[in-house]
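Down below is the structure, laid out as structure tokens.
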Amino acid sequence: MLRKMKRFEYFEPSTLEEAFSLLNKYNGKVKILSGGTDLLVAMKERGLAPSYVMNVKCIPGLDYIKYEEKKDLRIGALTTIRTIETSNVIREKFSVLAQAASMLGSIQVRNRATIGGNLCNAAPSAETAPSLIGLKAKVKIASLEGERIVPLEKFFVGPGITVLKKGEILAEIIVPFPLPHTKGIYIKYGRRKAMEIAMVSVAVIATLSVEGEVWEDVNIILGAVAPTPLRARKAEEVLQSKRISEPLIEKVGQLAYEEACPISDMRASADYRKEMVKVLVKKAIREISGLKKS
Amino acid sequence: MIQKRIQLKVNGEEYKLEVKSNDTLLDVIRDRLSLTGTKRGCDTGDCGACTVLLEGKPVNSCLVLAIEADGKEVITIEGLTKEGKLDLVQEAFIEQGAIQCGFCTPGMVLSAKALLDENRNPTESEIKTAIAGNLCRCTGYVKIVKAISSAAEKMRKIRKS
Ligand SMILES: Cc1cc2nc3c(=O)[nH]c(=O)nc-3n(C[C@H](O)[C@H](O)[C@H](O)COP(=O)(O)OP(=O)(O)OC[C@H]3O[C@@H](n4cnc5c(N)ncnc54)[C@H](O)[C@@H]3O)c2cc1C
Ligand code: FES
Ligand code: FES
């Protein structure tokens, strides 16, 4: 079925400065094009018709994975999801992110889709958001005025809305080196295994205490159950510095259930999503704790 | 600009052509170059019928602007046949009966080709991941997976001998 886009004026800046000046000149009317897997679909399917489209893929120096032992991981905004999925260092040291990346769309989509696009598109179901928030990632935002760094947790404002202001570009994702004994898991739930936007997703990233007995610094992030990726703070708190037990896991699941505030849509009802939050949070915690369901 | 002269290398041949900003790579391949082996299914990234190799990697050509493919190399299904001889993957699809209506086949074959270029010994699960973005409404996938693993086997044999 042919879905023709409306015509637009196309720009291909070769430096960030050029990109900023175009953004400022066409104030609010220009759409940034990275992989295009969200933007072009919106233009074809949902009648989005920007007057100007600016492809940023010709700007050098925005596509990289830099890792510094004991310090941090830096990912350029234009890095594709496929590159993240297959990166050895991300697989080894930040496996929860590689895991999430591998669940986004198909290989064809992942070969185009960028991490910057996934975050800036700000879908409540954005695949890479829960694990990155759980890993305490920050984003570097660049504009003519300079750079600013925002914790990813504060980046999302609502469905499709972020703190990015006119004239700003997401440049880099910074993931701090995790403490020793940190484990993470990401579970995506959809009707089928492949090619499905998450109905509900859960990332749990937690650090085991020095004695190895209790989970400290627990991060539970829920996808697709609120206007933005959601931290289940009450659920996190009950787990903090406690010895894991089945009754405690039940309680955590119940709290996460209460914190989720999903909508009903064509993929699932709100009630069903809430139930699935409970199931998936419990499953995630059992898995990182090495417990099997009794 | 709303129009641009671009250069594309498709199946080894250089093409220079004027494209509009809103033309996709798929539009150009089918309607301008008349390479209609590449199919248009959904036009929004869901079905994989439009899969081509862009710089060696499988992508949905319905989600790539022609204008951004300027200077790049594209392989379509027509490019797999060398001097009238089908590629091993194509042969395997025929031998295993992995084709019914054939609409998904060009995309399926290119996804398989990309997998086997990187991995000569894929597991069944790796094969399924590789074709997860290619929908087939006829075969039920079993024969397609079989065809890909049989092509892999043949490739391994050729390399050994
Ligand atoms: C078939 C299919 C399946 C999909 N499955 C999934 C899935 O399972 N999970 C999932 O999360 N997503 C999925 N997606 C959505 C999409 O692929 C991802 O969100 C992808 O990561 C978007 O990245 P992109 O580079 O293609 O973004 P683009 O489409 O280029 O951009 C997306 C938005 O972000 C803005 N933007 C892009 N880069 C920047 C930047 N550096 N700075 C500021 N703004 C920017 C753009 O202006 C646009 O508004 C799917 C898409 C398709 C077509
Ligand atoms: S036509 Fe491109 S994915 Fe369906
Ligand atoms: S053979 Fe008909 S769609 Fe696959």
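Where a number appears in this text, it was derived from the coordinates with a stated rule and is not lab data. Keep in mind it's a predicted model, so treat the numbers as computed, not measured. Please note: Cβ atoms are built from the backbone with ideal geometry, for glycine as well, and neighbour counts cover all protein chains shown.
For this structure, a couple of remarks:
- Estimated FRET transfer efficiency when R0 is 51 angstrom, pair A:Asp265-A:Ser14 (beta carbons, to 0.05): 0.80
- Our helix-only sum for chain A, with -39,500 (n - 2.57) per DSSP H run of n ≥ 4 divided by its residues, gives a mean residue ellipticity at 222 nm of -9000 deg cm²/dmol.
- Within segment A:239-280, the proportion of C-alpha pairs whose separation exceeds 16 Å stands at 40%.
- Expected-Rg normalisation [2.2 N^0.38 Å, Cα atoms] applied to the protein assembly as shown: 1.02
- Altogether, the Stokes-Einstein calculation at 4 °C and 1.567 mPa s, with the Kirkwood radius of segment B:103-157 over Cα pairs as Rh, returns a diffusion coefficient of 117 µm²/s.
- Stretching A:Asn88 away from A:Ser209 to a fully extended chain increases their span by 40.9 nm, per 0.36 nm per residue minus the current alpha-carbon distance.
- Calculated on the Cα set of segment B:35-161, radius of gyration then Dmax: 14.0, 44 Å.
- Sites A:Arg74 and B:Arg159, calculated FRET efficiency, Cβ-Cβ separation with R0 41 Å, nearest 0.05: 0.60
- Over 27 Å between alpha carbons, listed pairs A:Lys242/A:Lys282; A:Lys57/B:Lys57; A:Lys44/A:Lys136; A:Lys6/A:Lys165; B:Lys20/B:Lys72: A:Lys44/A:Lys136
- A straight chain from A:Arg148 to A:Lys29 at 0.36 nm per residue would run longer than the Cα-Cα distance by 40.5 nm.
- Nonlocal amide H pairs with A:Leu33, under 5 Å, H built at 1.01 Å: A:Met54, A:Asn55, A:Val56
- Virtual spin-label span in nm between B:Asp31 and B:Glu55, 7 Å along Cα→Cβ: 2.6
- Taking 7 Å steps out from each Cα toward its Cβ at A:Glu45 and A:Arg3 produces label points 0.5 nm apart.
- Rounded FRET efficiency, nearest 0.05, which uses the C-beta distance separating A:Ser21 from A:Lys136 and R0 of 41 Å: 0.75
- Since only A:Gly160, A:Ser21, B:Thr38 are under comparison, the one whose Cα sits farthest along the positive direction of the charge dipole of the protein assembly as shown, derived from C-beta charges on Lys, Arg, Asp and Glu, is B:Thr38.
- Extending 7 Å from Cα along the Cβ direction at B:Glu18 and again at B:Glu83 yields two label points whose distance is 4.0 nm.
- Compactness of segment B:2-107 - radius of gyration and Dmax, Cα, Å: 13.9, 47
- Long-range amide H partners of A:Ala171 with built H, under 5 Å: A:Lys140, A:Ile141, A:Ala142
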